[in-house]
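The values are calculated or read from the model by the stated rules, or taken from the named source; none is laboratory data. Note that the structure is predicted; figures quoted are calculated from it, not measured. Every residue, glycine among them, receives a Cβ derived from its backbone with ideal geometry; neighbour counts consider all protein chains shown. Ligands, DNA and RNA are excluded from the accessible area calculation, which covers all protein heavy atoms including side chains. Shrake-Rupley method; radii C 1.70, N 1.55, O 1.52, S 1.80 Å.
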Amino acid sequence: MSISRRKILAGTGIAASSLTLGSTQNAAAQNSAPQPFAPHDWKSVRAQFLLSPHLAHLSNFFFASNPTPVREAITKYRKAFDENPYSFLDDNMFRRDEDMLWRKVCAAAAEYVGGQPDEIALTSSTTMGLALIYNGLRLKSGQEVLTTTHEFYPHHESIRLAVEKWGGSMRKIPLYESSLNFSADDAIARICAAVRPNTRVVGVTWVHSGTGVRLPIAKLAAAIRKLNRNRSEADRILLVVDGVHGFGVVDEDVAKMGCDFFSAGTHKWILGPHGTGIVWAKAENWALIQPTIPSLMVKETTDAWRQDRPPVGPTQAAWVSPGGFFAYEHQWATVEAFRFHRQIGRKRVQDRIIELNSQIKEGLARMKHVTLHTPLDPDLSAGFVCFDVHGYKPQDVVQIFRDNRVIASSTPYAVPHVRLSAGIVNFPKDVDMALKVVRSLAR
Ligand SMILES: Cc1ncc(COP(=O)(O)O)c(C=O)c1O
């Protein structure tokens with residue numbers, strides 16, 4: 001379908017002046033003395049971001065706009081590096097173990113996940129974390145990774161590359177035919193029924209970015225624990241989770257969900273600096289990993305190299321955190337992103353995301369020319385709303401949104417859908433704006 005931008009704009013009757021969306025606060029904040037941050041006031045939360053006030057930003061999950069404290073921390077570290085790069089890096093990375101700033105990032109991440117600092121590896125993205133996990137797990141030849149058809153490219157590809165290397169195999173199963181009518185119990189039953197004696201890893205995604213479905217990881221982990229009762233330690237099924245779209249959204253302690261490995265970028269919903277992420281796992285699971293990239297955070301591996309001997313001891317999280325030099329001004333500033341979430345409160349963040357995305361879902365569900373793909377139930381979904389508009393390609397709907405100053409996305413999967421995603425930077429007015437555009441596309 002060819003799109004006439006003018007026609008759509010005329011059809012919606014949307015005047016440019018009405019498109020400044022609940023963000024006058026933001027513009028004011030940029031032009032006057034900054035107000036102290038009031039974490040319980042959503043307008044004050046929004047004022048911490050430099051997001052253009054003329055747009056409804058409904059794709060912020062993709063790549064975070066950083067709030068003021070994160071930007072200021074990046075600037076502070078960058079200035080110090082520019083002034084004296086050798087000493088600043090040596091003082092904060094190498095000189096005294098207890099002064100290493102990466103330890104503060106691990107401590108902040110551990111507090112957020114409800115785990116321990118030495119359970120955290122620091123990565124640059126969800127993708128890097130998944131690759132380090134699968135590449136590092138020493139599968140026996142003939143063992144398989146069981147995964148689902150709903151994974152995003154970096155998960156499937158990390159598995160494919162690893163099993164080729166280890167001489168294993170991968171198998172994908174669907175967890176649902178209709179995402180709108182997703183049943184958590186059915187999905188878990190499907191996974192358990194698909195496990196075979198040679199299944200060593202089950203790899204899933206917490207929140208599916210192609211449909212918006214949220215898997216109950218804790219329930220799945222409990223079901224897998226049952227299956228493991230009859231298995232030896234060497235054959236125990238390991239649960240690996242791509243958690244990026246639940247991390248910073250769902251009010252759950254990741255370290256208590258019962259999965260074995262959890263990878264998430266911190267540059268999406270956590271609102272941290274670009275090129276940052278974590279993997280969480282317990283010590284006994286880190287011990288199963290063969291590191292892929294030499295780490296700079298571990299004395300033992302560098303001592304072993306100097307002494308021309310293999311490192312001694314089980315692999316730990318820090319051994320898997322990749323060297324060489326990183327964009328440390330970004331890695332270290334991640335502390336501020338976790339603090340920002342803590343100030344607002346993890347439950348309040350979750351509730352706000354549920355409230356706004358429910359408003360989108362309920363609005364779309366009332367439109368006859370729309371097919372909704374994301375479950376209405378907030379327990380089965382998170383920060384995504386995926387849908388189709390009858391007679392329009394998803395990419396064309398995204399362009400119409402953009403022409404009307406709404407930033408939406410289309411899902412980059414084999415079968416694409418239109419995707420809206422509201423976060424803590426949004427207001428109900430942004431959602432009204434998006435719904436008005438979709439309403440105008442009825443024929
Ligand atoms: C489910 C899922 N996993 C992983 C990624 C990639 O995340 P990263 O950029 O942190 O590697 C995405 C991207 O949005 C995603 O949707």
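Only one of the numbered conditions (1) part of a helix (DSSP H, G or I); (2) under 26 Å from Gly210 (Cα atoms) is not met by Glu151, and that is (1). Among the residues making up segment 211-244, a single one is open to solvent by 20 Å² or more (accessible area, probe 1.4 Å) and under 14 Å from the mean Cα position of the chain (by Cα): Arg214.
Take the residues in segment 15-57 that are among the hydrophobic types (A, V, I, L, M, F, W, C) and in contact with an Asp or Glu (Cβ under 7 Å, 6 or more places away or on another chain); name whichever of them is modelled with the lowest pLDDT.
Initial filter on segment 15-57 (among the hydrophobic types (A, V, I, L, M, F, W, C)): 15-16, 19, 21, 27-29, 33, 37-38, 42, 45, 47, 49-51, 55-56.
Those left that are additionally in contact with an Asp or Glu (Cβ under 7 Å, 6 or more places away or on another chain): 21, 56.
Details: Leu21: 43, Ala56: 98.
If we take residues in segment 15-57 being among the hydrophobic types (A, V, I, L, M, F, W, C) and in contact with an Asp or Glu (Cβ under 7 Å, 6 or more places away or on another chain), then Leu21 is modelled with the lowest pLDDT.
Among the residues of segment 215-231, is any in contact (Cβ under 8 Å) with a residue 24 or more places away in the chain, more than 16 Å from the ligand (Cβ to nearest atom), hydrophobic (A, V, I, L, M, F, W, C) and not in a helix (DSSP H, G or I)? No: zero hits.
Residues are listed down the side, and each one gets a yes or a no for (1) in contact with an Asp or Glu (Cβ under 8 Å, 6 or more places away or on another chain); (2) open to solvent by less than 20 Å² (accessible area, probe 1.4 Å):
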{"site": "Leu376", "(1), (2)": "yes, no"}
{"site": "Phe387", "(1), (2)": "no, yes"}
{"site": "His390", "(1), (2)": "no, no"}
{"site": "Val398", "(1), (2)": "no, no"}
{"site": "Arg405", "(1), (2)": "no, no"}
{"site": "Ala408", "(1), (2)": "no, yes"}
{"site": "Val431", "(1), (2)": "no, yes"}
{"site": "Arg443", "(1), (2)": "no, no"}
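Filtering segment 192-214 to residues that are in contact with a Leu (Cβ under 7 Å, 6 or more places away or on another chain) and assigned to a loop (DSSP other than H, G, I, E, B) leaves Val195, Trp206. Of everything in segment 166-210 that is within 24 Å of the chain's Cα centre (by Cα) and among the small types (Gly, Ala, Ser), the residue that is nearest to the ligand (Cβ to nearest atom) is Ser209.
Within segment 128-165, restricting attention to residues that are open to solvent by 40 Å² or more (accessible area, probe 1.4 Å) and without any contact (Cβ under 8 Å) to a residue 40 or more places away in the chain, the residue that is farthest from the ligand (Cβ to nearest atom) is Ser141. Take Leu122 and tell me if it is crowded, with 20+ Cβ neighbours inside 10 Å and either away from the ligand (no atom under 11 Å from the Cβ) or at pLDDT below 95 (or both). Spelling it out, Leu122 is indeed crowded, with 20+ Cβ neighbours inside 10 Å and either away from the ligand (no atom under 11 Å from the Cβ) or at pLDDT below 95 (or both). The C-beta contact set for segment 342-365 (first residue farther than 22 Å from Ala109 by Cβ, second residue among the basic types (Lys, Arg), distance under 9 angstrom, 6+ apart or interchain) comprises Gly363/Arg439.
Just one of (1) touching a helix residue (DSSP H, G or I) at 6+ places or on another chain (Cβ under 9 Å); (2) surrounded by 17 or more Cβ atoms within 10 Å (Cβ to Cβ) fails for Phe325. It is (2). Of all residues being touching a residue at least 24 places away in the same chain (Cβ under 8 Å) and surrounded by fewer than 21 Cβ atoms within 10 Å (Cβ to Cβ) in segment 260-284, which is farthest from the ligand (Cβ to nearest atom)? Just the residue, please. Residue satisfying both the conditions and the ranking: Ala283.
Just one of the numbered conditions (1) within 15 Å of the ligand (Cβ to nearest atom); (2) in a loop (DSSP other than H, G, I, E, B); (3) at negative phi is not true of Gly248: (3).
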